[in-house]
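In what follows, a structure is listed as structure tokens, so that the remarks can point back to it.
All of the numbers you see were taken from the coordinates with simple rules; none came from a lab. Computed from a predicted model, the values in this text were never measured in an experiment. Counting neighbours? That spans all protein chains shown, and the Cβs are built from the backbone with ideal geometry, glycine included.
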Amino acid sequence: EGFNHSYYQSLHLAILKGDWKSTKDFLDNDPSALTAKVAVLGRTALHVAAVGAQWKIVEKLVQHQHMSAFVLTEMDSMGRSCLHYVAMGRSVYAADAAKALVAKNPSVTQVTDFKGFTPLIYSIASKRCKELV
């Protein structure tokens, strides 16, 4: 898949557990991990947090000092940005994560997947979080 599984495994697990301290320590030691493909399907740390429903981690990653706005529009091999996954979120906290993403890069709302769908379409289709819509 083009990523170093053993190198990024501790970051991946920290994100999935919602362990911000370990996540931040890894990223402070290696800021390039913010833009790297750290998991299967070409997923970045943001993708991993969103797919794992770690909404607070999504927010903190967006606010990280080394996070650039362009990373928010990165697509995984499924053709989805982090916001696509956030838009399918089942929690009111997903709305906070979405707001953080849009505040950092408003154009993230216009990123389309391989079928031409924006995150808004995902949110409407999932009917899970009306706060996002």
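Counting other Cβ atoms within 10 Å as a rough exposure proxy, the listed residues Tyr8, Tyr85 run Tyr8, Tyr85 from fewest neighbours to most. The fewest-to-most ranking of Phe117, Phe26, Phe70 by surrounding Cβ atoms within 10 Å reads Phe70, Phe117, Phe26.
Taken one residue at a time, the phi angles of region 21-31 give Karplus couplings (6.51, -1.76, 1.60, θ = phi - 60°) of 4, 5, 4, 5, 4, 4, 5, 5, 6, 9, x Hz. Gly and Pro are set to x. Result for the chain in a Gaussian network model with C-alpha springs under 10 Å: among Lys21, Lys60, Lys104, the largest mean-square fluctuation is at Lys21. Net length available on complete extension from Asp30 to Gln65 is 11.4 nm, with 0.36 nm assigned per residue and the Cα-Cα distance removed. Taking max minus min of the alpha-carbon positions on each principal axis, region 5-126 gives extents of 37, 26, 23 Å, largest first.
Fewest neighbouring Cβ atoms within 10 Å first, the residues Val102, Val71 line up as Val102, Val71. Relative to the longest principal axis of the Cα atoms of the chain, helix 92-104 runs at roughly 80 degrees.
For Thr44, the residues whose modelled amide H falls within less than 5 Å of its own, excluding neighbours fewer than 5 places apart on the same chain, are Val38.
Each residue of region 34-45 was assigned a 3J(HN,Hα) from its phi angle through the Karplus curve 6.51 cos²θ - 1.76 cosθ + 1.60 (θ = phi - 60°); the sequence is 5, 9, 6, 7, 10, 8, 4, 6, x, 8, 8, 4 Hz, with glycine and proline shown as x. From helices alone, the chain scores -14500 deg cm²/dmol at 222 nm; the rule is -39500 (n - 2.57) for each run of n ≥ 4 DSSP H residues, then divide by the residue total. For the chain, a Gaussian network of Cα nodes joined below 10 Å ranks Ala94, Ala14, Ala103 by mean-square fluctuation, and the top entry is Ala103.
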